[in-house]
Amino acid sequence: MSARINLSMAALAAILLSAGAAVDGRSTLAAYLVAWVALSAIPIGSLGVLMVSYLVRRDWTETLHPVLMAATATMPLAGVLFIPVLVFLGSLYPAASDTVSLPTFKAIYLAPWFFAARTVFYFVAWTILGWRLRVAWPDRARMVRVASVGLIVYALLVSLAGVDWLESLQPDFHSSIYGLLYLSFVLTAGVAFAIGAGLQLGRRLVGISGYSGLLLSTILLWGYLHAMQYIVIWSANIPGEVVWYLKRSVDGWQYVLVVLAVGQFIFPFFALLNIRVRRSRRWLSGLCALTLAMRLVEAAVLMMPAMSRLAAVPAVLALIPALTLVGALLLLAFEITNAWHDRLLNPARRGLRAAAPRSAG
């Protein structure tokens, strides 16, 4: 029944998006891209968190392992869902339709065929890496080898993907820290989803304050990187870079920025300083849900001001079916892979617990 509901919702959302595309194709595609970036961050971020869990063996790493593995397994579907953007690349990305005004390197690097080839490579590499991580379980030595090399490759590819999918919407802007911003974007989504799904699925999460600390540390990393970029760009006072912030300080985006700052940093930070909040499953579930919701807000802030000639009302309305389509399909894939991995990994998990006891926390 759950599968039927997800498929029905996805089909209805696809029909609504098709109708929206007939009215305003560019705004509808922009909304779809924002929704895809926000939701695809979950499998991409889960892959990074999974590799960290292979290197840092604690109780939380084993408890969240099935959730992380199942979320990572949806990676191929996330890649397939990016195909509509690749088909209509020139509608959103300036470099795909006009390379004359760009420097030679950017014109070649951001050429549509090269952009599409890199995107395919990213998802193939991440999918293979996820498969290698699954095969390595529960061999401790093999897990460490795969995760150690994989994290290096992962960090590099995620940084490049952030530059391709987000920063290149404004090809005249460049920030050396932008790749790390996207890396923190996906890791935050991965941690929040893994903890939230673990709580909702009834996983035996012992020591809730430890999971709260994990979420808080990820939020602090996110806030630190954004603050660093702001300070560096504003202090350098380079017009081409300052304009990036100016575009997000007008036309109502200044209020969206306030929502992002409060919802992603100020409120969770001060809430998680309270010991009662840190030990509450309900509070932790709520903060994980808030963090995932802020991924959509952040994706909109990072991307939509860079897209000129967008109609606000059609874009906002299209966000609902876009989120429904991408979310329903990814959720269905997660439910299927989670059930499969749970059955497959239970015997191996018992063997790892007996062979390699860990410290608590």
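The values are calculated or read from the model by the stated rules, or taken from the named source; none is laboratory data. Quick caveat: nothing in here was measured; it's all calculated off a predicted structure. Cβ atoms come from the backbone with ideal geometry, glycine included; neighbour counts cover every protein chain shown.
Only a single criterion out of (1) modelled with pLDDT under 90; (2) buried (at least 23 other Cβ atoms within 10 Å of the Cβ) is not satisfied by Asp98, namely (2).
Can we say Leu160 is surrounded by fewer than 17 Cβ atoms within 10 Å (Cβ to Cβ) and closer than 26 Å to Arg248 by Cα? Taking the combined requirement at face value, the residue satisfies it.
Rundown of residues vs (1) over 22 Å from Val34 (Cα atoms); (2) touching a residue at least 40 places away in the same chain (Cβ under 8 Å); (3) of a type in the set (S, T, N, Q), yes/no style:
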| residue | (1), (2), (3) |
| --- | --- |
| His65 | yes, yes, no |
| Pro84 | no, yes, no |
| Ser97 | no, no, yes |
| Val120 | no, yes, no |
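Just one of the listed residues (Arg132, Arg140, Arg145) is out of contact with any Ser or Thr (no Cβ under 8 Å at 6 or more places or on another chain), surrounded by 15 or more Cβ atoms within 10 Å (Cβ to Cβ) and of a type in the set (Lys, Arg), namely Arg132.
From the list Phe115, Phe123, Phe88, the one residue that fits, being under 30 Å from Arg142 (Cα atoms) and either touching a strand residue (DSSP E or B) at 6+ places or on another chain (Cβ under 6 Å) or not hydroxyl-bearing (Ser, Thr, Tyr) (or both), is Phe123.
For beta carbons closer than 8 Å, sequence separation of 6+ or different chains, a first residue in region 250-265 that is acidic (Asp, Glu) and a second that is in a helix (DSSP H, G or I), the qualifying pairs are Asp251/Pro305. One residue stands out in region 192-227 among those that are at pLDDT 90 or above and within 15 Å of Ala70 (Cβ to Cβ): the one that is nearest to the chain's Cα centre (by Cα), namely Phe193. Condition (residue is buried (at least 22 other Cβ atoms within 10 Å of the Cβ), of a type in the set (Ser, Thr, Tyr) and under 22 Å from Leu272 (Cα atoms)) applied to region 219-226: is it met by at least one residue? No, region 219-226 contains no residue that is buried (at least 22 other Cβ atoms within 10 Å of the Cβ), of a type in the set (Ser, Thr, Tyr) and under 22 Å from Leu272 (Cα atoms).
For the residues Arg282, Arg309, Arg295, Arg278, the requirement of being touching a residue at least 40 places away in the same chain (Cβ under 8 Å), surrounded by fewer than 16 Cβ atoms within 10 Å (Cβ to Cβ) and not hydrophobic (A, V, I, L, M, F, W, C) singles out Arg309. Residue count for region 292-338 satisfying the condition of being of a type in the set (D, E, K, R) and under 16 Å from the mean Cα position of the chain (by Cα): 2. Taking the numbered list (1) crowded, with 17+ Cβ neighbours inside 10 Å; (2) at pLDDT 95 or above in turn, Trp244 passes all entries but (2). Among the criteria (1) touching a residue at least 12 places away in the same chain (Cβ under 8 Å); (2) among the aromatic types (Phe, Trp, Tyr); (3) within 15 Å of Trp165 (Cβ to Cβ), the one Phe114 does not fulfil is (1).
All told, Thr28 falls short of being within 30 Å of Pro138 (Cβ to Cβ) and out of contact with any strand residue (DSSP E or B) (no Cβ under 7 Å at 6 or more places or on another chain).
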